[in-house]
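Quick note: the coordinates plus some simple rules give every number you see, no bench work behind them. On a predicted model such as this, the values are computed, not experimentally measured, just so you know. Note that each Cβ is placed from the backbone with ideal geometry, even for glycine, and that neighbours are counted across all protein chains shown.
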Amino acid sequence: MTAQEMIQPIEAPIISSEVDRPPLTASVTKPLKICLLGYRSAPFVGGQGIYINYLSKALADAGHSVDVISGQPYPHLDPRVKLIKMPSLDLFEAKNHAKALKWHHLKSFSDTFEWWSMLTGGFSEPYTFSRRAAKYLKKHANDYDLVHDNQCLGHGMLKIQRRIPLVTTIHHPITRDRELALAAAPNWQHRLMSKRWYNFLNMQTKVARKLDHVITVSEKSRKDISEAFDRPEANITLMYNGIDTEVFRPMPAVEPKPMRIITTASADQPLKGLRYLLAAIARLKPSYPDLELRVIGKLNRGGPTFKQLRKLGLESSVSFLSGISTEDLVKQYNKAAIAVSPSLYEGFGLPAGEAMACGTAVISSDGGALPEVVGEAGVIVPAGNSKALAEAIKQYLENPENAEQLAKAGRQRILDTFSWQVKAQQLTRYYHDILDKNSTITQ
């Protein structure tokens, strides 16, 4: 197969979800008291934080009363949404993990377990957050009609479920992250460390099978969740993510830089495929010396990405930007000529959708659900193929008129297919269906 054949736009997937159902009727427009849960929910820590931010706002727009219970780092929320802080030890921000545990923490099993797990290379936040949330909701269950968890999947969720209706969003099974991390490990020590880190997946697998109500954000995720967690696809409801098209929008006053590429990636997560994009940039630099890459993410000094940049001689051509506001992110998309999503797997592909909403031409891998988002409004290449990425970027650079047409098509696709208003309507109907069934059972 030639590089040209590899980068042909694919046919847009058929969108078959709750979107096709009729608008809400008066019988299901009663405002609800909803509690959203997120064990770490700041937008800059990943897509789950972005999901909490926009979902809570969309539900508030739909007339519901919304509280968010979150651990650190805390989310950025609409003023109408109440934040209930559920602090952990926040060990990722601690200067010295070993000294982070204080005497008063010993009174709490969750605090002590969290510290010990971190000290031994584990990740216990989903477990400890679920314990803290269950303890809080034991006292405050009557304050809410329903609880909606954002992929914590901790044992405490099953306790919550026994007291109050619980809905859980699973974006994608993190088993994929584990597989890729193990494959990228350079030696047995690193593989052992990865296995220890992802040990929480044993808990998530058990919990996911026992949850009453699970939704996910793409057909690809529904199939993968079913396979990874041994849960029938029929018991997983599909509701696509929304994108705020008023916030993520074209900015005519911002002049794009014709040689700038933008991507959103956690630098050292193999899943995000940044190393393949860097290799593609290195291929193109001799022919396009002014080519630059802006990465929305943090560079870890001494990490694999840092070492690859030095090896490829790209230090002056690649810049990293993290912790920025949403408005700044929109400006960054508008300043770029091309947005690339090189991920090996995405449960939805929010950065690609946001770039499309901004009217930026998109190149995407076929990893996970990305083709469901991009459809025919962008160029799609095989995941993990730096040569195909380079060829796609080259075509955009040499054919700016084609790139502009796809950029306009991308904006229109997001307007037509993905919105938070639709998502809030779907969820409102779904919540009321659950509450109606529960009411019938208890009568």
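On the beta carbon distance between Lys139 and Asn402, with R0 = 60 Å, the FRET formula returns roughly 0.50.
Annotation for Asn199 and Asp433: the two label points, set 7 Å from Cα along the Cα-Cβ direction, are 3.9 nm apart.
Considering helices alone, the calculated mean residue ellipticity of the chain at 222 nm is -13500 deg cm²/dmol, with DSSP H runs of length four and up weighted by -39500 (n - 2.57) and normalised per residue.
Database remark: amide H of Val68 closer than 5 angstrom to the amide H of Leu36, Lys82, Leu83, Ile84 (H placed geometrically; neighbours at sequence offset of 5 or more, or on other chains; Pro and chain starts carry no H). Working note: Karplus 6.51/-1.76/1.60 with θ = phi - 60° gives segment 343-348 the couplings 4, 6, 7, 9, x, 9 Hz, where Gly and Pro are set to x. Label sites at Gln395 and Phe306, each approximated as a point 7 angstrom past Cα along Cα to Cβ, lie 3.7 nm apart.
Taken about its Cα centre, the chain carries a charge dipole of roughly 1880 debye when the Cβ of each Lys and Arg holds +1 and the Cβ of each Asp and Glu holds -1. Each Lys or Arg adds one and each Asp or Glu subtracts one; over the other residues with Cβ under 15 Å from the Cβ of His190, this totals +2.
Convex hull volume of the C-alpha atoms in segment 257-417, normalised per residue: 96 Å³.
List the chymotrypsin sites (Phe, Trp or Tyr not before Pro) in segment 351-443 that DSSP assigns to loop (not H, G, I, E or B) and whose Cβ has at most 11 other Cβ atoms within 10 Å. Which are they? Don't skip to the end; give the middle numbers.
Numbers: sites: Tyr396, Phe418, Trp420, Tyr430, Tyr431; in loops: Phe418.
Passing both the DSSP loop test and the Cβ count: no residue.
Note on Ala234 and Lys331: the model spin-label points, each 7 Å out from Cα along the C-beta direction, lie 5.3 nm apart. Subtracting the Cα-Cα distance of Gln421 and Lys285 from 0.36 nm times their residue separation leaves 44.7 nm of extension gain. How tilted is helix 188-197 with respect to the longest principal axis of the chain? Cα atoms for both, answer in degrees (0 to 90, nearest 10). Computed tilt is about 40 degrees. For Leu293, the shell of other residues with beta-carbons less than 11 Å away shows a net charge of +2, using +1 for Lys and Arg and -1 for Asp and Glu.
Placing a label point 7 Å from the Cα of Lys387 along the Cα-to-Cβ direction, the residues of segment 250-291 whose backbone N falls under 19 Å from that point are 275-287. Using the Cβ-Cβ distance between Lys206 and Glu255 with R0 = 56 Å, the FRET efficiency computed as 1/(1 + (r/R0)^6) comes to roughly 0.60. Here the ratio of the Cα radius of gyration of the chain to 2.2 N^0.38 Å is 0.99. Computed from phi, the 3J(HN,Hα) profile of segment 204-214 under the Karplus parametrisation 6.51, -1.76, 1.60 (θ = phi - 60°) reads 4, 4, 5, 5, 4, 6, 9, 6, 6, 9, 10 Hz, with x in place of Gly and Pro.
For the peptides 366-378, 232-244, 302-314, the ranking by mean Cβ contacts within 10 Å, running from highest to lowest, is 366-378, 232-244, 302-314.
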